[in-house]
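The values are calculated or read from the model by the stated rules, or taken from the named source; none is laboratory data. On a predicted model such as this, the values are computed, not experimentally measured, just so you know. Heads up, the Cβs are rebuilt from the backbone with ideal geometry, glycines too, and the neighbour counts pull from every protein chain shown.
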Amino acid sequence: MKYKCLVFDHDDTVVNSTATIHHPCFQMYLDKCYPGMSCSLEKYFLKNFDPGFIPMCREDYGMSDEDLEDEAAFWRAYVENHVPLAYPGIREIMERHKREGGLICVVSHSYEFNILRDYKANSLPEPDAVYGWGQPMERRKPNPWPLEDIMGRFGLEKDELLMIDDLKPGFDMASAAGVAFAGVGWANDIPAIESFMRQNCRKYFKTISSFNEFLR
């Protein structure tokens, strides 16, 4: 195998969740608490790409810390009853990697219990480690701490990890940790995001099949 440990982002990398769950949930919250305000799916992708979800909520919708807590509670209640589907081909990649003795880790902005639920619901191999929104803010992506902890926990060198992510925070985290990064773009066709990834990522994959061929 090319990399001992594959470190996957979750949303829009492993599961199709923004278009089917997270964006509709956010628009429902705006309809409820900010009547007349809206967020298109393209804007939601772009703002999550850079500068991130929380800055978007603060800058574009004027949310306070208390408002953000309320939005998070609304989101948690919604995602509890909505399970995203894994992209076709992801399970086969993970299963082969595990059969060959590799590690599967997850670094995401979703909660750990939601990630584990989604893996189980989609019959994906159980991850060896999960780092999600339950981590303290200073240990969340794009902070390099999750990757550094994976290396220490499993006795790995930097060149034994590959971070796979569809958004800039994953790229920033991998760059800070000195870990190889694979940008993926099968969740959307937004030119600004694809342009950044192609210009800045040495490895960029628009389809799961091309990513699969790279790993083989």
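Scanning segment 166-179 for residues that are part of a loop (DSSP other than H, G, I, E, B) and either surrounded by fewer than 19 Cβ atoms within 10 Å (Cβ to Cβ) or more than 17 Å from the chain's Cα centre (by Cα) (or both) yields a single hit, G178. Within segment 187-210, is there a residue that is more than 23 Å from Y44 (Cβ to Cβ) and of a type in the set (A, V, I, L, M, F, W, C)? Scanning segment 187-210, I find no residue that is more than 23 Å from Y44 (Cβ to Cβ) and of a type in the set (A, V, I, L, M, F, W, C), so the answer is no. State whether one or more residues within segment 183-202 are in the same structural domain as R140 (by TED's automatic domain parsing), under 20 Å from R140 (Cβ atoms), surrounded by 13 or more Cβ atoms within 10 Å (Cβ to Cβ) and in contact with a His (Cβ under 9 Å, 6 or more places away or on another chain). No - not one qualifying residue is present in segment 183-202.
Screening F53 with (1) farther than 19 Å from G170 by Cα; (2) free of Cβ contacts under 8 Å to residues at least 60 places away in the same chain gives one miss only, at (1). Restricting segment 31-44 to residues that are more than 23 Å from the chain's Cα centre (by Cα) and surrounded by 12 or more Cβ atoms within 10 Å (Cβ to Cβ), which is nearest to H82 (Cα to Cα)? Among them, the one singled out is D31. When K47 is tested against (1) surrounded by 15 or more Cβ atoms within 10 Å (Cβ to Cβ); (2) free of Cβ contacts under 8 Å to residues at least 24 places away in the same chain; (3) touching a Ser or Thr at 6+ places or on another chain (Cβ under 9 Å); (4) not aliphatic (A, V, I, L, M), just one condition goes unmet, and that condition is (3).
For segment 149-170, the criterion of being modelled with pLDDT under 95, touching a His at 6+ places or on another chain (Cβ under 8 Å) and within 19 Å of V130 (Cβ to Cβ) is met by at least one residue.
Is there a residue being crowded, with 18+ Cβ neighbours inside 10 Å, in the same structural domain as V184 (by TED's automatic domain parsing) and basic (K, R) anywhere in segment 134-142? Yes, segment 134-142 contains at least one residue that is crowded, with 18+ Cβ neighbours inside 10 Å, in the same structural domain as V184 (by TED's automatic domain parsing) and basic (K, R).
D189 satisfies every condition listed in (1) more than 18 Å from the chain's Cα centre (by Cα); (2) free of Cβ contacts under 8 Å to residues at least 12 places away in the same chain except (1).
Against the conditions (1) within 22 Å of H22 (Cβ to Cβ); (2) in contact with a helix residue (DSSP H, G or I) (Cβ under 7 Å, 6 or more places away or on another chain), P125 satisfies every one except (1). One residue stands out among those in segment 86-130 that are of a type in the set (D, E) and in contact with a strand residue (DSSP E or B) (Cβ under 6 Å, 6 or more places away or on another chain): the one that is surrounded by the fewest Cβ atoms within 10 Å (Cβ to Cβ), which is D128. The conditions are (1) modelled with pLDDT of 95 or more; (2) over 20 Å from N16 (Cα atoms), and V184 fails exactly one of them. Which is it? So the condition that V184 fails would be (2).
Taken over segment 180-211, residues that are in a strand (DSSP E or B) and among the hydrophobic types (A, V, I, L, M, F, W, C) amount to 5.
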